């Protein structure tokens with residue numbers, strides 16, 4: 001299968017998934033109201049701390065979110081005052097996100113674009129490129145993606161990536177059961193389960209300087225159970241889910257965050 005054929009399959013899958021029960025649950029009035037009241041809730045707390053550590057003045061930022069997905073991070077950053085461009089390969093994801101942005105009166109630019117190409121995104125435009133959970137499992141050319149991240153960043157700009165920690169990819173996700181090894185860590189293809197070395201080395205090859213890596217715990221049971229499974233659980237069913245003695249997979253880091261910088265002095269700019 002060629003890369004273009006695979007991209008079309010990915011696009012079609014996300015166009016359909018965008019209107020699934022799972023994704024509609026991320027766009028409920030309750031979810032959006034919660035996000036408006038507390039935009040920080042769109043981020044893992046440790047990831048938000050990393051953003052503020054390296055880019056403390058969000059109101060001056062021009063931010064690109066490739067593979068923007070549910071767009072919670074885009075809404076949150078716009079609510080905090082950043083100028084946000086949301087890019088995704090799925091037209092339907094962007095349509096649903098644009099509808100919410102319109103209702104919230106958020107000035108977000110939505111661009112249908114492949115994260116490995118960013119053909120519609122201009123050079124040296126952004127202070128921050130931020131990718132969130134689920135991006136890496138759809139990318140079959142890390143080098144092209146990171147080269148384009150570097151291209152669209154201003155000198156001195158940052159890439160912050162947040163995704164599932166690769167250590168989890170070798171196990172079946174069976175909470176409260178003895179985890180089963182289902183693949184070797186070295187087996188990247190055909191499922192695109194990139195290793196930590198693949199992710200970091202690709203950024204370095206692209207000309208980015210790695211600043212910091214964070215390995216983070218899961219925040220709740222949604223890391224181990226699907227949306228459909230959670231609908232069948234009672235609170236008592238999930239008690240102790242983050243205790244590795246009850247849930248062996250909790251002994252592993254759930255999430256990975258990387259901060260990288262494009263060399264050069266930051267460009268000063270005004271709103």
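The values are calculated or read from the model by the stated rules, or taken from the named source; none is laboratory data. Quick caveat: nothing in here was measured; it's all calculated off a predicted structure. A quick note on method: Cβ atoms are made from the backbone with ideal geometry, for glycine too, and the neighbour counts reach across all protein chains shown.
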Note to self: Condition first: at pLDDT below 95, buried (at least 19 other Cβ atoms within 10 Å of the Cβ) and either in contact with a helix residue (DSSP H, G or I) (Cβ under 7 Å, 6 or more places away or on another chain) or within 22 Å of residue 262 (Cα to Cα) (or both). Can you find one or more residues in the range 16-33 that meet it?
What the structure shows: yes
Next item on the list: Determine, yes or no, whether residue 159 is under 25 Å from residue 89 (Cα atoms), out of contact with any helix residue (DSSP H, G or I) (no Cβ under 7 Å at 6 or more places or on another chain) and surrounded by 15 or more Cβ atoms within 10 Å (Cβ to Cβ).
Entry: no
Checklist line | Unique residue being crowded, with 20+ Cβ neighbours inside 10 Å, closer than 17 Å to residue 257 by Cβ and within 16 Å of the chain's Cα centre (by Cα) when the list is 146, 71 | finding: 146
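Every residue, every condition in (1) assigned to a strand (DSSP E or B); (2) over 23 Å from residue 150 (Cα atoms); (3) touching a helix residue (DSSP H, G or I) at 6+ places or on another chain (Cβ under 7 Å), yes or no:
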residue	(1), (2), (3)
186	no, yes, no
190	no, yes, no
194	no, no, yes
198	no, no, yes
202	no, no, yes
222	no, yes, yes
229	no, yes, no
Next item on the list: Could you grab the pairs with beta carbons closer than 6 Å, sequence gap of 6+ or different chains, first residue in the range 166-186 and farther than 19 Å from residue 237 by Cβ, second one part of a strand (DSSP E or B)?
Entry: 170/181
Next item on the list: Write out, first by first residue and then by second, each pair whose Cβ atoms fall under 8 Å of each other, whose residues are 6+ apart or on separate chains, and whose first residue, in the range 244-263, is without any contact (Cβ under 8 Å) to a residue 24 or more places away in the chain while the second is part of a helix (DSSP H, G or I) and surrounded by fewer than 21 Cβ atoms within 10 Å (Cβ to Cβ).
Entry: 244/250; 244/251
